[in-house]
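A short write-up of the structure that comes next.
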Amino acid sequence: MYFLLPATAVIFYELYHLTGFGPVYWGYSAFKAGGYYFGAWDYQLLSCVLVALLIGAAPAVFRRNKPNEQA
């Protein structure tokens, strides 16, 4: 999250200059501000660990919800 927020802002910035579509610039502004404030936030390490745990647990949750497929 720490590295991807500013990188996503750059993608939105370039996309805005390619398309000239105004709402894309709002996305750039949101990700740019999010990257700045996330970098200054005291709980960034805790939130990164929680997001990593959620991503790691996602396959187990989705596998549990599928019905058993037997051939």
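For the reader, a short list of remarks on this structure follows.
- Unmet requirement for residue 39, which otherwise passes all of (1) open to solvent by less than 50 Å² (accessible area, probe 1.4 Å); (2) out of contact with any Pro (no Cβ under 9 Å at 6 or more places or on another chain): (2)
- Subset of the range 1-36 [touching a Phe, Trp or Tyr at 6+ places or on another chain (Cβ under 6 Å) and either surrounded by fewer than 13 Cβ atoms within 10 Å (Cβ to Cβ) or of a type outside the set (Phe, Trp, Tyr) (or both)]: 5, 8, 9, 24, 27
- Selection within the range 12-63 - among the charged types (D, E, K, R) and modelled with pLDDT under 90: 63
The values are calculated or read from the model by the stated rules, or taken from the named source; none is laboratory data. Bear in mind the structure is a predicted one, so any value in this text is a computation, not a measurement. Cβ: placed from backbone, ideal geometry, glycine included. Neighbour counts: every protein chain shown. Each accessible area value is taken on the protein alone, full model and side chains, heavy atoms only, with ligands, DNA and RNA left out. Shrake-Rupley method; radii C 1.70, N 1.55, O 1.52, S 1.80 Å.
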